[in-house]
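Since the structure comes first, as structure tokens, the remarks are kept for the end.
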Ligand SMILES: [Fe+2]
Ligand SMILES: [Fe+2]
């Protein structure tokens, strides 16, 4: 598979130091990369739609799992975080619908990029907040 410039590279910056979450984030990122790759390479809308569906179901599963852990950790922003997941899921679904309606490949490419952007923003913004919470709790304050 040829690398594309939109690929998200996994790095230690993206770790939340919870192995099962890091694993899911890596998987999730891989799905988004596959989706963008499919958008770039393929004029076959059905193929891209499948990659989109896979990414969406992975997202839903991950969000649910993460919310369970946040509740178990008694993370103070658990409810707000779950709210952000719900918003993200709605945004993903909207982008997917827009994607399906788009005929021009550059419009579709822009939709793929938007999904990537939403994902990275959430990871770097909100997921990192629970990482910091867990870290400071581990240090005992
Ligand atoms: Fe999250
Ligand atoms: Fe997450």
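The numbers here are math on the coordinates, done by the rules we state, and not lab data. All of these numbers come straight from a predicted model, not from anything done at the bench. A quick note on method: Cβ atoms are made from the backbone with ideal geometry, for glycine too, and the neighbour counts reach across all protein chains shown.
Observations, loosely collected:
- Checked across the range 86-105, the condition of being within 26 Å of residue 138 (Cα to Cα) and over 12 Å from the mean Cα position of the chain (by Cα) holds for no residue.
- Among (1) touching a helix residue (DSSP H, G or I) at 6+ places or on another chain (Cβ under 6 Å); (2) without any contact (Cβ under 8 Å) to a residue 40 or more places away in the chain; (3) over 17 Å from residue 24 (Cα atoms) - the single one residue 108 does not satisfy: (2)
- Taking residues in the range 67-85 that are in contact (Cβ under 8 Å) with a residue 12 or more places away in the chain, and partners anywhere that are away from ligand 2 (no atom under 11 Å from the Cβ) and in a loop (DSSP other than H, G, I, E, B), not one pair has Cβ atoms closer than 6 Å while being at least 6 places apart or on different chains.
- Flag not set for residue 9, criterion: more than 12 Å from ligand 1 (Cβ to nearest atom), part of a helix (DSSP H, G or I) and loosely packed, with under 14 Cβ neighbours inside 10 Å.
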